[in-house]
Amino acid sequence: MKISRFSLGVSLVVILLVVVLAIGLRLAFQPQPVLLEGEIEATEIDVAAKVPGRVDTVAVKLGQTVAQGELLFTLESPELRAKLAQAEGARDAAGAINRKAEAGARVEEIGAAEQQWIRAKAAADLAEVTLARVERLHRDGVVPGQRRDEAAAQAKAAAAAAAAARAIFDMATAGARIEDREAAAGVAAQAGGAVSEVEAYLAETRIHAPHAGEVGTLLIDAGEIAPAGFPVVTLVDLQDVWVVIQIREDLLAGIGIGTELTGRVPALGDREVKFKVDYLAALGAFATWRATSASAGFDLKTFEIRARPVEPIDGLRPGMSVIIPQGRR
């Protein structure tokens with residue numbers, strides 16, 4: 001009886017071992033679920049100045065949240081201030097020339113020209129009267145023809161001098177020619193534009209946030225030289241985040257633009273988040289999965305997927321991992 005109980009116990013143990021072994025083998029050969037791992041990224045805005053200069057002040061700190069239009073940093077540029085002084089001087093000179101052209105001759109100049117004309121006219125009238133007298137005397141045979149010719153030449157010269165004096169007086173009264181006034185106005189406008197250009201460059205020495213965001217990087221400190229176009233501050237827009245996933249093309253089945261994926265974020269306590277795919281494209285040849293031999297299969301492309309949260313998620317930041325079981329929709 002004892003032997004029978006012992007045999008029964010051994011049989012039960014053997015059966016249990018066989019069952020456990022069968023379950024283990026089944027689990028071992030069962031295909032494991034594929035996990036897609038992605039990383040959260042966000043829009044980054046590199047803020048630089050159009051002009052070079054020495055960083056005077058940095059008004060923000062790393063991690064600080066800034067609003068659009070808030071001051072980020074300032075530059076000091078003595079060269080630009082010197083150029084502004086030059087441009088302002090040229091503008092003032094051009095403006096004076098333009099005003100002179102518009103105003104025309106001074107009152108004193110006009111008066112002097114008028115007196116010269118009156119004087120020349122009087123001389124021309126006297127020469128005419130003299131010529132008439134000499135003509136009568138020549139007809140009476142009192143004076144020779146040579147004297148008459150001299151009087152005629154003097155009268156003609158006096159008339160020409162009077163006409164020239166009158167032209168000078170008229171020119172002084174009319175002012176500068178329209179072409180001269182337009183040229184002076186053009187020079188004044190050009191000088192004013194040069195001042196505006198330098199002022200615009202000077203405005204670029206005070207750099208404000210083009211978009212709201214969080215200060216992600218500060219690459220230059222106060223006192224250092226910032227070249228033109230060098231990104232001094234990088235802003236991160238935490239309101240515009242997405243997950244980037246790189247996946248082999250044989251795992252792309254069922255995933256396309258508009259597909260919703262559900263993943264968990266370990267940094268948020270394994271919180272489940274729904275994402276919607278809005279970008280899908282193949283990566284370059286460097287990301288191709290190559291077959292190790294001719295009989296091992298074919299090359300597989302790697303695709304990049306970008307998916308945005310269906311709704312805003314508090315605390316979701318760049319660099320966080322997202323785990324998406326393949327097949328979770």
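The values are calculated or read from the model by the stated rules, or taken from the named source; none is laboratory data. Nothing here was measured: the structure is a model prediction, and the numbers come from that model. Reconstructed Cβ throughout: ideal geometry from the backbone, glycine too, with neighbour counts over all protein chains shown.
Okay, here's what the table says:
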{"quantity": "Residue list for segment 262-286, filter: without any contact (Cβ under 8 Å) to a residue 12 or more places away in the chain and either within 34 Å of the chain's Cα centre (by Cα) or within 20 Å of Leu300 (Cβ to Cβ) (or both)", "calculated": "Gly284, Ala285, Phe286"}
{"quantity": "Residue in segment 59-78 that is β-branched (Val, Ile, Thr), outside any strand (DSSP E or B) and at pLDDT below 80 present", "calculated": "no"}
{"quantity": "Residue in segment 161-172 that is at pLDDT below 80, assigned to a loop (DSSP other than H, G, I, E, B) and assigned by TED's automatic domain parsing to the domain that holds Thr130 present", "calculated": "no"}
{"quantity": "Residues of segment 186-226 classified as touching an Asp or Glu at 6+ places or on another chain (Cβ under 8 Å) and either at pLDDT below 80 or among the β-branched types (Val, Ile, Thr) (or both), total", "calculated": "2"}
{"quantity": "Strands (runs of 3 or more DSSP E) (entirely within segment 179-289) containing at least 1 residues that are more than 20 Å from Thr74 (Cβ to Cβ)", "calculated": "213-218, 231-248, 260-265, 271-282"}
{"quantity": "Failed criterion for Val142 (all others in (1) hydrophobic (A, V, I, L, M, F, W, C); (2) under 25 Å from the mean Cα position of the chain (by Cα); (3) part of a loop (DSSP other than H, G, I, E, B) hold)", "calculated": "(2)"}
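Residues are listed down the side, and each one gets a yes or a no for (1) touching a His at 6+ places or on another chain (Cβ under 8 Å); (2) farther than 30 Å from Gly216 by Cα; (3) surrounded by 13 or more Cβ atoms within 10 Å (Cβ to Cβ):
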site: Val58; (1), (2), (3): no, no, yes
site: Leu71; (1), (2), (3): yes, no, yes
site: Glu76; (1), (2), (3): no, no, yes
site: Lys83; (1), (2), (3): no, yes, yes
site: Ala87; (1), (2), (3): no, yes, yes
site: Ala90; (1), (2), (3): no, yes, yes
site: Ala94; (1), (2), (3): no, yes, yes
site: Asn98; (1), (2), (3): no, yes, yes
